[in-house]
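Since the structure comes first, as structure tokens, the remarks are kept for the end.
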Amino acid sequence: MKIRNRGEAEKSSLNMTSMIDVVFLLLIFFVMTFKIVELEGDFSVRMPLAGSDSMTMDPTDLPLKLRLQADENGKLTSMALNEISLGTDFDQLRANVVDLIGTTAPVEGEDGPEIEIDTDYNLRYEYVIRSITAVSGYKQGNEVVKLIEKIKFAKPRR
Amino acid sequence: MKVKSKKVDLAEGDLTPMIDMVFQLIAFFMVLINFAQTESNDRVKLPSSQLVKPPEVPLEFPIILHVAQDGEIILGGDDYTAETLRVGLQKEIAVIKAEGKTVEDANVVIRAHKDTAAGDVQEVIRVAQEQKLENFALRVKEDNS
């Protein structure tokens with residue numbers, strides 16, 4: 001009787017080609033649609049149309065006024081908080097806000113201090129956000145100390 | 001003389017490590033893919049601020065306005081100017097009212113390019129105010145530096 005040589009066990013191998021094709025297609029799809037997500041947040045501004053607010057305004061409770069001036073290229077040239085000139089230094093602005101409202105007991109919510117931003121029309125929006133950042137708080141370690149939460153804009157200047 | 005039979009062997013490399021790597025890559029991209037990026041617009045590069053944090057709960061009834069560098073406003077895929085924005089906002093307000101909510105419940109999310117004129121953003125706010133919208137959110141990029 002002839003005995004077959006069992007030493008040469010045949011290697012059973014799956015045909016991988018089609019799977020690799022699909023897997024590469026998937027990989028290409030994910031690589032092409034990949035986009036690094038930048039985290040975003042909001043500065044909330046509650047601004048009803050002037051005069052439509054039913055709340056009675058206390059004439060002694062006037063908002064702080066921040067005036068931002070720009071050159072013809074939209075670059076910030078000067079800032080003034082309640083007529084106090086601050087140059088273009090946002091840290092100076094923050095220090096002045098801290099002086100004006102104090103930091104010992106920051107008032108939150110509707111009763112907190114208010115600021116009105118009056119900006120030149122062509123000032124770059126980036127500077128407005130930087131000034132809003134400066135007046136709305138600062139970071140102490142990982143915690144955010146809030147200063148002014150109520151922000152509104154003056155009428156646009158043409 | 002003995003002649004060896006020439007069996008043509010298929011040269012097969014070991015594909016296992018490659019498949020491992022490819023699956024790892026797919027898993028990586030799948031986890032990081034974010035289909036909810038419809039809010040962003042290529043024409044808008046947001047300014048950044050250290051103080052903002054991503055909101056824990058999404059805003060209710062958002063109306064997202066993209067303000068491009070030239071002051072053009074994009075709302076729901078359509079381009080508007082400050083003069084024509086009123087029409088677009090009225091459409092959005094109609095949808096909100098159809099859901100049984102008032103205009104005051106809506107949140108206007110302003111995604112303005114960092115180099116756009118501040119006056120253009122103010123104009124957008126003014127037009128929205130005229131439509132009785134009063135809650136605005138100025139969207140900025142989180143700056144961790």
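Computed from the coordinates by the stated procedures, all read-outs in this text should not be read as laboratory data. In this text, all values refer to a predicted model and were calculated from it rather than measured experimentally. Note that each Cβ is placed from the backbone with ideal geometry, even for glycine, and that neighbours are counted across all protein chains shown.
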(message) So if I take the alpha carbon set of segment A:64-153, get Rg, then get Rh from the Kirkwood formula, what is the Rg over Rh ratio?
(response) 0.97
(message) Which of A:Ser18, B:Ser48, A:Ser136 has the fewest other C-beta atoms within 10 Å, and how do the rest follow up to the most?
(response) A:Ser18, B:Ser48, A:Ser136
(request) Calculate the dipole size of segment B:40-142 relative to its Cα centre from +1 charges on Lys and Arg beta carbons and -1 charges on Asp and Glu beta carbons; express the result in debye to the nearest 20. (result) 180
(request) State, in angstrom, two size descriptors of segment B:40-142 derived from its alpha carbons: Rg to one decimal place and Dmax to the nearest whole number. (result) 13.2, 38
(request) Determine the dipole magnitude for segment A:64-153: charges of +1 sit on the beta-carbon of Lys and Arg, -1 on that of Asp and Glu, nothing else is charged, the reference point is the Cα centre, and the result goes in debye to the nearest 20. (result) 180
(message) Can you tally the lysine pairs in segment A:64-153 where the Cα-Cα distance is under 19 Å and the two residues are eight or more apart, or on different chains?
(response) 4
(request) Note down the relative contact order for segment A:64-153 as a percent, whole number, built from C-alpha pairs under 8 angstrom at least six residues apart. (result) 32
(request) With label points built 7 Å along Cα→Cβ from the Cα atoms of B:Asp105 and B:Glu56, find their separation and express it in nm. (result) 2.3
(request) Kindly count the pairs of lysines across segment B:40-142 whose alpha carbons are less than 29 Å apart, treating pairs on different chains or eight or more residues apart as eligible. (result) 18
